[in-house]
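Since the structure comes first, as structure tokens, the remarks are kept for the end.
The values are calculated or read from the model by the stated rules, or taken from the named source; none is laboratory data. Computed from a predicted structure; not experimentally measured. Here the Cβ positions follow ideal geometry from the backbone for every residue, glycine too, while neighbour counts run over all protein chains shown.
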Amino acid sequence: MTGRVVAPDAAGIAEAVELLRAESVVAFPTETVYGLGADAFSARAIGEVYRLKNRPSWNPLIVHVAGVPAARALAADWPAVADRLAAAFWPGPLTLVLRRAPHLTGVGAANDTIAVRVPAHDVALRLLAAVGLPLAAPSANRSESISPTTAEHVLRSLPDVPLVLDGGPSSWGIESTVLDLTTAVPTLLRPGALGLRALREVTGAIALRDAETADGAARPSPGMSRRHYAPRATLHLVPDVRSAEIPEKTGVLTYEGADVPDAEVLSADPREYAADLYAALHRLDDSGVETILVQQPPETEDWLAIRDRLGRAAAK
């Protein structure tokens, strides 16, 4: 079976709702990347997400909801900082990890927490309102591969997804920031589209994880695996692509200021670079290269999420 791409009009939303309520899956756009949505508390639907993505069972899912009341209903407790963060950044690319309400089963992983966010995309919000369910929605691609930022990317990676709602290219182009509120000091689990500077203005101090989470170990958030976001071609980070030896069947990804012939050149602004990063990696993969050389991003905090994605994409 080959998936269908449909417009997110009334008919498309209605078809998606029918599939989701029948415990199937639907890919839909968010402002970060396209998600593979399923009823968050249907074992059958969640099982289909893991099967299609070939996703390890220990890797949890983020639950997408229509608003703060729906998020609070999923949590055992709701700290005051959650209200402040939701007021400042929801709808938007921020995921909060909270203690899961005890009457709820786990969302695809054995832990007592839940990761939840309200997406800032009109199609996602209309779908959530129409279906009336919390939707678990990891990125709509095979596990470890490049995240999709268009409907075409989804079908290329997951051709068996029954339905894809086409909302155009994702505007942020990189996954949400994940903040753990179950710790004494809010802890960054995954850097993402929302920067730490903006978060600190609301939370004050933010702790950073002091060690990597081994594959197979329990974790409260996705995006913590050693290898992730990887193209088919072998990716290498290099200090300066201008001085690197570039063999045949090698693509180059850099940003403005580096004069490299035939390179994919992205913006030197980290926000704009992130918006086109995955699309650029898809383009290089599609060109048939076997190796991709990537100019190392700056070591500043504004580039933290991009360094995280590229580092995991380059992991062996």
For the list (1) farther than 30 Å from A80 by Cβ; (2) assigned to a loop (DSSP other than H, G, I, E, B); (3) in contact with a helix residue (DSSP H, G or I) (Cβ under 6 Å, 6 or more places away or on another chain), I need the number of the one condition that I174 fails. (1)
Restricted to the stretch 77-126, and to residues that are hydrophobic (A, V, I, L, M, F, W, C), within 24 Å of G167 (Cβ to Cβ) and not in a helix (DSSP H, G or I), which residue is modelled with the lowest pLDDT? V107
So S221, is it under 12 Å from the mean Cα position of the chain (by Cα) and at pLDDT below 95: yes
Can you find a residue in the stretch 137-160 that is part of a loop (DSSP other than H, G, I, E, B), over 17 Å from the mean Cα position of the chain (by Cα) and either within 30 Å of A233 (Cβ to Cβ) or among the basic types (K, R) (or both)? yes
In the list G92, G37, which residue meets the criterion of being among the small types (G, A, S) and either closer than 25 Å to V6 by Cβ or without any contact (Cβ under 8 Å) to a residue 60 or more places away in the chain (or both)? G37
Number of positions in the stretch 286-307 that are crowded, with 19+ Cβ neighbours inside 10 Å, assigned to a helix (DSSP H, G or I) and not hydrophobic (A, V, I, L, M, F, W, C): 0
Subset of the stretch 1-58, residues more than 16 Å from the chain's Cα centre (by Cα), surrounded by 14 or more Cβ atoms within 10 Å (Cβ to Cβ) and among the small types (G, A, S), comes to G3, G12, A16, S24, A40, S42, A45, G47
Subset of the stretch 129-152 (residues that are farther than 30 Å from A313 by Cβ and among the hydrophobic types (A, V, I, L, M, F, W, C)): A129, A130, V131, L133
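Table: residues versus (1) without any contact (Cβ under 8 Å) to a residue 60 or more places away in the chain; (2) surrounded by 22 or more Cβ atoms within 10 Å (Cβ to Cβ); (3) in the same structural domain as D286 (by TED's automatic domain parsing); (4) at negative phi.
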{"residue": "R72", "(1), (2), (3), (4)": "yes, no, no, yes"}
{"residue": "L85", "(1), (2), (3), (4)": "no, no, no, yes"}
{"residue": "V97", "(1), (2), (3), (4)": "no, yes, no, yes"}
{"residue": "A120", "(1), (2), (3), (4)": "no, no, no, yes"}
{"residue": "A124", "(1), (2), (3), (4)": "no, yes, no, yes"}
{"residue": "A136", "(1), (2), (3), (4)": "no, yes, no, yes"}
{"residue": "E144", "(1), (2), (3), (4)": "no, no, no, no"}
{"residue": "A151", "(1), (2), (3), (4)": "no, yes, no, yes"}
Out of all the residues in the stretch 21-31, is one or more more than 18 Å from R190 (Cβ to Cβ) and assigned to a helix (DSSP H, G or I)? yes
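Within the stretch 234-275, restricting attention to residues that are assigned to a loop (DSSP other than H, G, I, E, B) and touching a helix residue (DSSP H, G or I) at 6+ places or on another chain (Cβ under 6 Å), which residue is surrounded by the most Cβ atoms within 10 Å (Cβ to Cβ)?
V260
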